[in-house]
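**Q** Shown below is the structure under consideration.
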Amino acid sequence: MNNDIILSAHSLSKEFKGFIAVDSVDLDIRRGSIHALIGPNGAGKTTCFNLLTKFLQPTQGTITFNGRDITRMSPADIARLGLVRSFQISAVFPHLTALENVRIALQRQRGDSFDFWRSERVLSAFDDRAAALLDDVGLSRFTAVAAGELPYGRKRALEIATTLALEPEMLLLDEPMAGMAQEDVERISALIRRIAANRTILMVEHNLSVVASLSHHITVLARGKILAEGDYAAVSKNPDVIEAYIGAGHA
Amino acid sequence: DTAVKIGVLNDRSGIYADLSGEGSVVAARMAVEDFKAAEKGITVEIVSADHQNKPDIASTIARQWYDQEGVDMITDVPTSSAALAVNEITREKNKVFINSGAATSDLTGKQCSPNTVHWTYDTYALAHGTGGAMVEAGGKKWFFLTADYAFGHALERDTTAVVEAAGGEVVGSVRHPFPGTDFSSFLLQAQSSGADVIGLANAGGDTINSIKQASEFGITQGGQALAGLLVFLTDVHALGLDTAQGLVLTESFYWDLNDDTRAWSKRFAEAHDGDMPTMVQAGVYAGVLHYLNAIEAVGGKDPQAVMAKMKEMPTDDPLFGQGSVREDGRKLQNMYLFKVKTPDQSKAPWDYYELVATIPPEKAWRPLAEGGCPFVK
Amino acid sequence: MAKTEAVLPSAHVRPVAAGGMPRHHMAIFLGLLLLGLVGPFVLYPVFLMKILCFALFACAFNLLLGFGGLLSFGHAAYFGSASYVSAYAAKAWGLNPELAILLGTAAAAFLGLVFGSLAIRRQGIYFAMVTLAFAQMVFFFSVQAPFTGGEDGIQSVPRGHLLGLFDLGPDRNLYFFVLAIVFGGLLVIYRIIHSPFGQVLKAIRDNEPRSVSLGYRVNQYKLAVFVLSAALAGLAGATKAIVFQLASLTDVYWTMSGEVVLMTLLGGMGTVFGPLVGAAIIVTMQNYLATFGAWVTIIQGIIFVVSVLLFRQGVVGVLAQWLKRPL
Amino acid sequence: MFELLGIPPQALFGQLLLGLINGSFYALLSLGLAIIFGLLNIINFTHGAQYMMGAFVAWMLLNYLGINYWAALVLVPVIVGISGVIIERLLISRLYHLDHLYGLLLTFGLALIIQGLFRNEYGISGLPYQIPSQLSGGQNLGFMFLPNYRGWVIVASLVVCLATWFVIEKTRLGAYLRAATENPTLVGAFGINVPRLITITYGFGVGLAAFAGVLAAPIYSVNPNMGADLIIVVFAVVVIGGMGSILGSIVTGFGLGVIEGLTRVFYPEGSAVVIFVIMAIVLLVKPAGLFGRTA
Amino acid sequence: MEHAPVAEADGLLLSVRDLHGWYGESHVLHGIAFDVRAGEVVTLLGRNGAGKTTTLKAIMGILPKRKGSVVFDGRQTIGLPSRAIARAGIAFCPEERGIFSSLSVEENLMLPPKVRHGGLSVDQVFELFPNLKERLSSQGTKLSGGEQQMLAIGRILRTGAKLLLLDEPTEGLAPVIVQQIGNTIGRLKREGFTIVLVEQNFHFAASVADRHYVVEQGKVVDAIRNDELDQNIDKLHHYLGV
Ligand SMILES: Nc1ncnc2c1ncn2[C@@H]1O[C@H](COP(=O)(O)OP(=O)(O)OP(=O)(O)O)[C@@H](O)[C@H]1O
Ligand SMILES: Nc1ncnc2c1ncn2[C@@H]1O[C@H](COP(=O)(O)OP(=O)(O)OP(=O)(O)O)[C@@H](O)[C@H]1O
Ligand SMILES: [Mg+2]
Ligand SMILES: [Mg+2]
């Protein structure tokens, strides 16, 4: 594979006691592209995610990131390489304020913060950047609110802001739009488009209009196997896909 | 006239609460009564505290008593660790310590102190009493059930020496964790060892448990004798005769020895809701009495003088009869080998022991030379 | 839904807004120092030293529970083993007190490293039980090992001369030595809490998987705080051994682990100064109830129950709420 | 006749059997803990004290009311269980909205209180309790003398353990209980009376401990501390087994009993810590515990 | 109130008046008021954080602090514990699905006790959600996000409650499934179920509901009949900030 492939998985499989959730999937994700992973429920999308980010160990197959084999790495190390994920069920630090949530991510730039002898004053350096990120996702009004008290949709937004704070080379977003009101969907799509400029993004999304408008390339999973690949136009015409996923209504 | 303050420091909530505890305070008060302090223009005050068998608590209290509350003498102090701690502080503060409750013979050995008297018993005496007498009684082959810590090891070591000296042999021993609950597997090993005597080189709850389970495995019925190296009247009381019958043990006092002991014990029982005195409590009585007598004789409470006097004049009390306090602080008196009665032998409550043998002081206690007490030349 | 409140009410650890030590904390520290300095002229020094040692112990424990969110039910292991080591070093090898104490602390830190690296593999209640079990292991070891003197413990430890110069025999001299150690310890703990490291700890306690996905090696952080806490607990234990000239099984028994939890709970877990107060209260109580035997444990139990049910923020926590300031 | 590491095989059988007996106490206690934990999400530190109460209440019934062992075997779990129900209603139930660790602290405090009270009342050196006449004596199995009573202990605990397992894992009630611990609010919103479920469960778990206590009374010294140290070992057992599965804690209980028994023969000095060592190893190789569910 | 709920009070199954709700100190519902007729499907629309979920929780009695009046089937339920409300015939499908990890899929499905006859049979549920049938024995939370959603809905269809409160049932579901759910809701309606639906997916809402209530900052600010939707579409877009 040529070097403009940033992440590639080869014959990736995951088996849960006899049940094969992901079945020898080959993925190649081009640098700088927005790549959507769609498919019916239970197709194996989230599992794929967990495999790529090493939250699950693949039963077989190899994963290479920037030409480097990461199949045996720990999730934390993957993140350090610049391959960062979000979660399908939203993940924030409930007792920290929105600002602190983002700051925790920014703090990573300092490398490991084992420096228990230093004062936390050093962290205030990140406040402006954090505020900016929150503003990007429309949370500027909530900087001082404890994340746990934000409504669901806002939590998702905060999570994305936190993820961005890591300046990751590649982002994996699991259903970023789930449970968001229209207005947020718009904003987040815009945001994703913006950040995609210098990043690669792989996302799972059921909201087809979002997929259509955002993604350059689409992989359709069904029952753990790849059903179809290509851009939206192509995929959405594919009869199998319509039958298995999109359904009559949309076609 | 002199005002004396005596501190009874012992275990009031833990494993030794029954054999010392409040009973020791009662005994101390009786001593003051019988001494008729008031008439002699000596005012005696008694304070008491619980050291919970913890040396650090014991030492804190001792310090405070000596430094702050003007206590002149501390007595009882069961649990070797606590006793040794108090022993140290008493020496440092130059006061008087009359121990009755602790077993370790170090109090008058390596750790001996010019400010300490060790009254009622010690491991050496127990080992020799039981060990020697049993072998004479025909228990030649021994197997030890030993609590796996310093105290247990010491007890086993001493007894082994006696047994072998008396022509017996030790066919084996097993070390059980301390504290332990289930001794069955160790007892099984003892049972199959073919020994005549199973020596219990442990204390408190461990001993009770091992005896209880021994009876369950029919060890005494099986012809093997069970020898408790550190068993008190209260333990037998707790076990009940069904379980404890046939057990052999050594003590320096039993309420039913003679008229004096019976009379005194009756008074004690009245003052201590019906419970008969243990040798430790008896020791506290005798110790306090001797201390007060010494003070009277000296005409003051200067520790050095009083200690000297206590060692100089013979002891005489209704409980231990004639005796003396040796240079190294060891109180010398008879020891007795008892056998626990069967339920139908027992006529009255607390009627538990039958006397098997009386061990005279010279045989009972460790010779001065062997103790290795530094300040004794 | 249910069971969301973290072990420590997060309100108490909101970081001091982008500043160093807030003024009222500064004031409290100075006040404490003052108290410490006049104390021995008013009260029995040995008693005060006991409070100081336990205060440090409790604060070290609170570092782990209140700020690391890890409830260790076996902190006696580090407290006790340190006291054994320093006692032995001072008595058998005749080391100077400061060296003996350092050695003890190091030992505790090492033990913390070993047990910690195992214990952090489990969370929450399991963690508590694992630490408790390990502590029990240390207890049995201390019973059997020859150098600990079994049940007798290590007795008559020399207080020695500080740096071989100042005689620590007199209670007052020793007292100021101890005061210095404990106060230093407290400042260290304070700084740990309010450091970048402390921030990450907070995040981890809040949402572990998320912290991982942000690239934090969570277990290393947990281990780090565990070792720090163990070491400081060791410092307290080692000092106590020199003060009482004694190291014994009580220091490694599970009741000791329970007591330190109680002190922290009563004083206010997750507060900076709570454990101090808790320690003072409990030690004083034990001192005056010593005569009541079993009642000591009963009363301690009652305090436990009451604090858990009605008084979760503890004395200082309540105070903090009342003053609307983190303490 | 050949020997195994210096131990004749018969003796070994004997030791294995004793290990099982020992294990049946671990099993009963860890089972009770597992149930309570599984459903209330608290570690019941009072468990040891309640085991002790079991033994004491049996003793009281006998000495104050002349009620014999067999009746006690049924009555005591009920009585102590009820005391548990009261504790749960009055105290523990106030903690469910909090972190589990508060439950640990509360029950720890309760344990201190209960043990203290019994110590004040009955002292520490323990009380006598005889083996019921029907079970006194024993069988000579050739390789060992097995007291009938010990045999009975194995049988009784096995039966009780398995019955419990069945109820929790295989019945609808069990499903309610498991669901209720995960999300009581939602289960309540399905129309199920969660608080009552939880109370019953706690009572039952405590009852198990009390049952173990009665079984123990005739062979172990009945004293206020009998549960205190035991419970810590049981905690280790629970960690090794992983509280995820009921069956797991039963198997682990018996298994560790045997292992400990064997250590007593081959390396007695280590028998106190062997379980903790195993726990350390398990944590290394299988952190979730042998039967634990990894979330 | 400027928006008229339902004029004629006949056949009212649920009537909410001046409903207030709190999370700890924060006052989230400020006098919600709306009505639902028997056999009707109504949706609560609104932006994130408007208070839709909270409203459902309050009706279900699982919001710790609530005031006001919720009359269900002629009976005041505001004071009742949630289990009593459930027994009265209301069932709730939470936003976060609430699948039990310690229960198998089957146990999850069977968990809610039947409160009345007329619920779907298990087979009917499988018919709706074939995925579930294949994974019956696996651990509930091991299901994919969507499968969990199906399970969460499926299990309350069994209970035979009269009134179903569904919080964003289509969230994270594939279009095919969304259509299925749509059909299901239609069918349930025909079978006489009454449904209160919280939705972000406004197209979906339009396809199934009779009426829409718009929630803003803890108040119902408007009520729109589905057949008048086209006239009001701009207003609605304004509300939802599209
Ligand atoms: N830990 C697990 N154990 C067993 N089976 C699992 C596990 N995780 C997922 N599965 C199964 O693997 C299949 C794929 O799950 P996955 O979560 O990847 O689906 P998905 O594509 O993300 O679906 P959705 O869009 O609904 O989230 C599902 O059938 C699920 O039941
Ligand atoms: N557990 C909580 N504690 C405190 N405040 C909360 C909590 N949950 C929700 N809130 C607040 O209550 C308000 C309403 O939340 P709710 O979840 O009802 O909104 P929603 O309309 O359901 O939003 P969404 O469409 O995102 O689900 C929001 O402002 C939110 O911040
Ligand atoms: Mg998914
Ligand atoms: Mg909602």
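**Q** Looking at segment B:321-339, can you tell me whether even one residue there is at pLDDT 90 or above, among the aromatic types (Phe, Trp, Tyr) and in a loop (DSSP other than H, G, I, E, B)?
**A** Within segment B:321-339, not a single residue is at pLDDT 90 or above, among the aromatic types (Phe, Trp, Tyr) and in a loop (DSSP other than H, G, I, E, B).
**Q** Between a first residue in segment A:145-162 that is within 16 Å of ligand 1 (Cβ to nearest atom) and a second residue that is among the charged types (D, E, K, R), which pairs have beta carbons less than 8 Å apart while being 6 or more apart in sequence or on different chains?
**A** Matching pairs, first to second residue: A:ARG156/A:ASP184.
**Q** Turning to a different aspect of this structure: Name the residues in segment D:68-98 that are part of a loop (DSSP other than H, G, I, E, B) and buried (at least 17 other Cβ atoms within 10 Å of the Cβ), would you?
**A** D:LEU91, D:TYR96, D:LEU98
**Q** Filter segment B:184-205 down to residues that are outside any helix (DSSP H, G or I) and within 25 Å of B:ASP122 (Cβ to Cβ) and give me whichever is nearest to the other protein chains (Cβ to nearest Cβ).
**A** B:ALA203
**Q** If you check A:VAL84 against the conditions, is it within 30 Å of C:TYR221 (Cβ to Cβ) and within 16 Å of ligand 4 (Cβ to nearest atom)?
**A** no
**Q** How many residues, within segment D:96-123, are facing another protein chain (nearest Cβ under 7 Å), over 22 Å from the mean Cα position of the chain (by Cα) and more than 23 Å from D:THR185 (Cβ to Cβ)?
**A** Selection size over segment D:96-123: 2.
**Q** Moving on to the next point. From the list B:THR146, B:THR160, B:THR90, which one is among the polar types (S, T, N, Q), free of Cβ contacts under 8 Å to residues at least 60 places away in the same chain and in a strand (DSSP E or B)?
**A** B:THR146
**Q** Criterion first (among the aromatic types (Phe, Trp, Tyr), more than 30 Å from B:LEU19 (Cα to Cα) and over 22 Å from the mean Cα position of the chain (by Cα)) does D:PHE166 satisfy it?
**A** So D:PHE166 fails the test.
**Q** So which strands (runs of 3 or more DSSP E) stay within segment A:1-116 end to end and still have 3 or more residues that are not β-branched (Val, Ile, Thr)?
**A** A:5-16, A:19-30, A:34-38, A:60-65
**Q** Restricting attention to segment B:175-214, report how many residues are among the hydroxyl-bearing types (Ser, Thr, Tyr) and surrounded by fewer than 24 Cβ atoms within 10 Å (Cβ to Cβ).
**A** 3
**Q** Quickly run through segment E:17-71 and pick out the residues that are within 14 Å of chain A (Cβ to nearest Cβ), over 18 Å from A:GLU149 (Cβ atoms) and away from ligand 4 (no atom under 12 Å from the Cβ).
**A** If the condition is that a residue be within 14 Å of chain A (Cβ to nearest Cβ), over 18 Å from A:GLU149 (Cβ atoms) and away from ligand 4 (no atom under 12 Å from the Cβ), then E:THR43 is the only one that fits.
**Q** Take A:PHE55 and tell me if it is within 14 Å of A:ASP174 (Cβ to Cβ) and within 12 Å of ligand 1 (Cβ to nearest atom).
**A** In short, yes.
**Q** Which members of segment B:140-158 meet the condition of being more than 9 Å from every other protein chain (Cβ to nearest Cβ) and of a type in the set (Phe, Trp, Tyr)?
**A** Correct list: B:TRP142, B:PHE143, B:PHE144.
**Q** Only one residue in C:THR271, C:THR239 is away from chain D (no Cβ under 14 Å) and outside any helix (DSSP H, G or I), so which one is that?
**A** When all the criteria are applied, what remains is C:THR271.
**Q** Among the numbered criteria (1) within 30 Å of B:ILE74 (Cα to Cα); (2) at pLDDT 90 or above; (3) among the aliphatic types (A, V, I, L, M); (4) over 16 Å from the mean Cα position of the chain (by Cα), which one does B:VAL170 miss?
**A** Among (1) within 30 Å of B:ILE74 (Cα to Cα); (2) at pLDDT 90 or above; (3) among the aliphatic types (A, V, I, L, M); (4) over 16 Å from the mean Cα position of the chain (by Cα), B:VAL170 violates only (1).
**Q** A further question on this structure: When you go through E:THR55, E:THR43 one by one, which is the residue that is part of a strand (DSSP E or B), within 28 Å of A:TYR152 (Cβ to Cβ) and in contact (Cβ under 8 Å) with a residue 60 or more places away in the chain?
**A** Every option except E:THR43 fails the conditions.
**Q** Which residue out of B:ALA161, B:ALA137, B:ALA125 is more than 14 Å from chain C (Cβ to nearest Cβ), farther than 28 Å from D:SER271 by Cβ and over 16 Å from the mean Cα position of the chain (by Cα)?
**A** B:ALA137
**Q** Still on this model: Being crowded, with 21+ Cβ neighbours inside 10 Å, at pLDDT below 80 and either within 21 Å of A:THR53 (Cα to Cα) or away from ligand 3 (no atom under 16 Å from the Cβ) (or both): is that true of A:ARG156 here?
**A** yes
**Q** How many residues, within segment A:22-33, are away from chain E (no Cβ under 14 Å) and either polar (S, T, N, Q) or within 10 Å of ligand 1 (Cβ to nearest atom) (or both)?
**A** Number of matching residues: 2.
**Q** Yes or no: segment A:34-41 includes at least one residue that is more than 14 Å from every other protein chain (Cβ to nearest Cβ), touching a Lys or Arg at 6+ places or on another chain (Cβ under 9 Å) and more than 16 Å from ligand 2 (Cβ to nearest atom).
**A** Checked segment A:34-41: at least one residue is more than 14 Å from every other protein chain (Cβ to nearest Cβ), touching a Lys or Arg at 6+ places or on another chain (Cβ under 9 Å) and more than 16 Å from ligand 2 (Cβ to nearest atom).
**Q** Can you find, within segment E:105-122, the residue that is surrounded by the fewest Cβ atoms within 10 Å (Cβ to Cβ) among those that are of a type outside the set (A, V, I, L, M, F, W, C) and facing another protein chain (nearest Cβ under 9 Å)?
**A** Looking at residues that are of a type outside the set (A, V, I, L, M, F, W, C) and facing another protein chain (nearest Cβ under 9 Å), I get E:PRO113.
**Q** Check C:PHE79, C:PHE141, C:PHE115 and return the single one that is free of Cβ contacts under 8 Å to residues at least 12 places away in the same chain and touching a Ser or Thr at 6+ places or on another chain (Cβ under 9 Å).
**A** Result of the check over C:PHE79, C:PHE141, C:PHE115: C:PHE141.
**Q** Could you count how many residues in segment A:54-89 are of a type outside the set (A, V, I, L, M, F, W, C), more than 13 Å from ligand 3 (Cβ to nearest atom), within 14 Å of chain C (Cβ to nearest Cβ) and closer than 24 Å to A:LEU221 by Cα?
**A** Matching residues across segment A:54-89 total 2.
**Q** Taking segment C:196-227 only, how many residues are surrounded by fewer than 22 Cβ atoms within 10 Å (Cβ to Cβ), modelled with pLDDT of 85 or more and more than 22 Å from the chain's Cα centre (by Cα)?
**A** Residues that pass the stated criteria total 2.
**Q** Of these, A:ILE5, A:ILE34, which one is surrounded by fewer than 22 Cβ atoms within 10 Å (Cβ to Cβ), hydrophobic (A, V, I, L, M, F, W, C) and modelled with pLDDT of 85 or more?
**A** Step by step, each of A:ILE5, A:ILE34 is checked, and only A:ILE5 is surrounded by fewer than 22 Cβ atoms within 10 Å (Cβ to Cβ), hydrophobic (A, V, I, L, M, F, W, C) and modelled with pLDDT of 85 or more.
**Q** Scanning for something charged (D, E, K, R), within 16 Å of ligand 2 (Cβ to nearest atom) and in contact with a strand residue (DSSP E or B) (Cβ under 7 Å, 6 or more places away or on another chain), does segment E:149-165 turn up at least one residue?
**A** Checked segment E:149-165: no residue is charged (D, E, K, R), within 16 Å of ligand 2 (Cβ to nearest atom) and in contact with a strand residue (DSSP E or B) (Cβ under 7 Å, 6 or more places away or on another chain).
**Q** I need the full set of residues from segment A:181-208 which are hydrophobic (A, V, I, L, M, F, W, C) and more than 16 Å from ligand 1 (Cβ to nearest atom), in order please.
**A** Hits for segment A:181-208 are A:ALA181, A:VAL185, A:ILE188, A:ALA190, A:LEU191, A:ILE192, A:ILE195, A:ALA196, A:ALA197, A:ILE201.
**Q** Could I ask something else about it? May I ask you to verify whether E:ARG97 is buried (at least 16 other Cβ atoms within 10 Å of the Cβ), within 13 Å of chain A (Cβ to nearest Cβ), within 14 Å of ligand 2 (Cβ to nearest atom) and of a type in the set (D, E, K, R)?
**A** yes
**Q** Moving on. Given the conditions (1) more than 24 Å from C:LEU310 (Cα to Cα); (2) surrounded by fewer than 22 Cβ atoms within 10 Å (Cβ to Cβ); (3) among the aliphatic types (A, V, I, L, M), which single one is not true for C:ALA230?
**A** Against the list (1) more than 24 Å from C:LEU310 (Cα to Cα); (2) surrounded by fewer than 22 Cβ atoms within 10 Å (Cβ to Cβ); (3) among the aliphatic types (A, V, I, L, M), C:ALA230 comes up short only on (2).
The values are calculated or read from the model by the stated rules, or taken from the named source; none is laboratory data. Just so it is clear, the model here is predicted, and its values are computed rather than measured. Backbone-built Cβ (ideal geometry, glycine too); neighbour counts: all protein chains shown.
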